[in-house]
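FYI, it's all coordinate maths here, none of it is from the lab. Note that this is a predicted model, so its numbers are computed, not measured. Counting neighbours? That spans all protein chains shown, and the Cβs are built from the backbone with ideal geometry, glycine included.
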């Protein structure tokens with residue numbers, strides 16, 4: 001079952017092909033396992049993005065800004081752009097100021113409103129700028145850029161695991177949110193958070209030049225996601241697939257910004 005949960009996590013969160021057929025008709029137990037695997041899937045995505053960033057910047061010589069833009073584009077491609085779409089839809093729904101039912105109807109629509117477009121564009125610009133700044137750091141070089149993108153993407157998926165913990169309801173009876181809401185025992189994201197923070201601290205100890213902001217980036221990204229989750233649950237009555245995507249994107253963006261802070265030589 002655990003292997004099926006991992007397969008489902010990769011299937012839900014990426015377009016990475018896997019041999020064999022994806023799990024059919026997953027139940028809530030498998031959904032819980034899939035969401036518990038989300039940070040691990042984030043680590044895989046982060047490593048791929050870090051390789052793209054370093055490869056374009058250094059060996060190919062295209063520079064940190066181009067490398068950051070392509071890395072963010074690769075992340076969007078590998079996730080089908082669903083997290084960005086969720087961010088835009090949630091911005092439209094919450095920004096409408098309408099009651100929960102009407103806001104959820106707005107989020108269901110395939111088109112994106114002005115507020116959603118602005119939110120999406122700003123999120124991408126912030127991520128590219130922050131990642132390029134981290135990559136261009138004279139104090140950390142490519143290691144700092146790689147650490148920033150990996151930590152940020154893992155944090156984004158960890159925010160999704162937290163949002164699926166028991167006690168957080170679904171906003172409607174169908175869709176991805178209904179399948180995964182309330183399925184994860186709180187102990188799981190708690191232990192994963194300790195592990196991610198521990199890894200961030202260890203990275204700083206081993207490669208001191210990447211900056212002390214790395215563990216703060218994880219904490220900051222999760223804090224931003226918690227604040228947005230609370231607001232979304234209060235306004236909509238629970239989570240949806242769009243809310244999960246928005247949480248991942250907000251946590252990723254904030255983590256990238258914090259990771260890029262600190263001294264630059």
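Structure notes:
- Packing-based order for 27-36, 172-181, using average beta carbon neighbours within 10 Å, highest first: 27-36, 172-181
- Computed lengthening from residue 226 to residue 187, 0.36 nm per intervening residue step minus Cα-Cα distance: 12.4 nm
- Protection proxy ranking of 189-199, 235-245 - average other beta-carbon atoms within 10 Å, highest first: 235-245, 189-199
- With contacts taken as Cα pairs under 8 Å at a separation of at least 6 residues, segment 91-187 carries a relative contact order of 15 percent.
- The modelled label-to-label distance for the pair residue 234/residue 195, using points 7 Å beyond Cα in the direction of Cβ, is 3.3 nm.
- The long axis of helix 241-259 is offset from the longest Cα principal axis of the chain by roughly 20 degrees.
- Label-to-label distance, nm, for residues given as residue 96 and residue 129 (7 Å Cα→Cβ offset): 3.0
- Segment residue 27-residue 109, extension gain: residue separation times 0.36 nm, minus the distance between their alpha carbons: 26.9 nm
- Each peptide in 160-166, 43-49 was scored by the mean count of other Cβ atoms within 10 Å over its residues; highest first, the order is 160-166, 43-49.
- Short-range pairs are left out: with C-alpha atoms under 8 Å and at least six residues apart, the relative contact order of the chain is 25 percent.
- The value of relative contact order for segment 54-111, using C-alpha pairs under 8 Å at least six residues apart, is 19 percent.
- Options (1) 1, 7, 14, 18, 19, 17, 13, 8, 4, 1, 0; (2) 1, 6, 12, 16, 17, 15, 11, 9, 7, 4, 2, 1, 0; (3) 1, 5, 10, 12, 13, 11, 10, 7, 6, 5, 4, 3, 3, 3, 2, 2, 1, 1, 1, 1, 0, 0, 0, 0 - which one matches P(r) over Cα pairs in 5 Å bins from 0, in percent as calculated here: (1)
- Between helix 64-78 and the chain there is an angle of about 30 degrees, using the helix long axis and the longest principal axis of the Cα atoms.
- Residue 3/residue 207 FRET efficiency (R0 30 Å; Cβ-Cβ; nearest 0.05): 0.35
- Spin-label pair residue 118/residue 73, simplified geometry with 7 Å Cα→Cβ offset, distance in nm: 2.7
- Angle of helix 114-135 to the longest C-alpha principal axis of the chain, folded into 0 to 90 degrees and rounded to 10: 30°.
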